[in-house]
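Quick notes on the structure that follows.
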Amino acid sequence: VLNVSGTNLTSLPDEISNCYILEKIIANASKFTSIPLTIGELQNLKELNFGYNKIKAIPTSIVNCINLESLSLGNNEIQEIPLGFGKLDKMWFCSLSGNNLTSFSNELIDLKKVGNLWLHGNKITSI
């Protein structure tokens, strides 16, 4: 577990991918502006929490986190869901509430096991 919540950090180094046995990253309520592009190399990652930051985009490489079960990216500045996101077939919890999403992505429909999908507080106008 890497817990850097409530810090003044704005980013994690790309070398985080060297922590290949890492299962949880908890980095909420900090000053992060991005998620490392190398996040997809963390094949054992099960939980990723970057809620309450300034994240503008979900890196496309996240689709390679094949064991991801819980994703908390609420209250950021995310505008779109990356292609391939729906292939995260172990994900059962996904919070994207309080972002800048304007449309409901088909990628979200493809999340077969998701039991909790939080999208409130966005600017979604149609499904």
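Remarks
- Here the accessible area is traced with a 1.4 Å probe on the protein chains. For the chain, carbon and sulfur cover 52 percent of it.
- Excluding ligands, DNA and RNA, the accessible surface per residue across the chain is 53 Å² with a 1.4 Å probe.
- The magnitude of the dipole of the chain, with charges of +1 and -1 set on the Cβ of Lys/Arg and Asp/Glu and taken from the Cα centre, is near 260 debye.
- One decimal place: the segment LYS54-HIS120 gains 22.0 nm when fully extended, by the rule 0.36 nm per residue minus the C-alpha distance.
- Value of relative contact order over the range 1-114, rounded to a whole percent, pairs C-alpha under 8 Å and six or more apart: 20
- Violating pairs (Cα-Cα greater than 25 angstrom) within the set LYS24/LYS56; LYS46/LYS123; LYS46/LYS113; LYS24/LYS54: LYS46/LYS123
- Shape call, the chain: gyration tensor on alpha carbons, a/c limit 1.5: oblate
- Environment charge at VAL1 (Cβ cut-off 13 Å; Lys +1, Arg +1, Asp -1, Glu -1): 0
- Separation of alpha-carbon centers, the range 10-51 and the range 81-98, rounded to whole Å: 15
- Amide hydrogen neighbours beyond the local backbone of SER72, cut-off 5 Å, H modeled: LEU48, ASN49, PHE50, SER95
- Extending 7 Å from Cα along the Cβ direction at PHE104 and again at LYS90 yields two label points whose distance is 2.8 nm.
The values are calculated or read from the model by the stated rules, or taken from the named source; none is laboratory data. Worth saying up front: this structure is predicted, and the values here are computed from it rather than measured. So basically every Cβ, Gly included, is an ideal-geometry build from the backbone, and we count neighbours across all protein chains shown. Ligands, DNA and RNA are stripped out before the accessible areas are found, and what is left, the full protein with its side chains, is counted by its heavy atoms. Shrake-Rupley method; radii C 1.70, N 1.55, O 1.52, S 1.80 Å.
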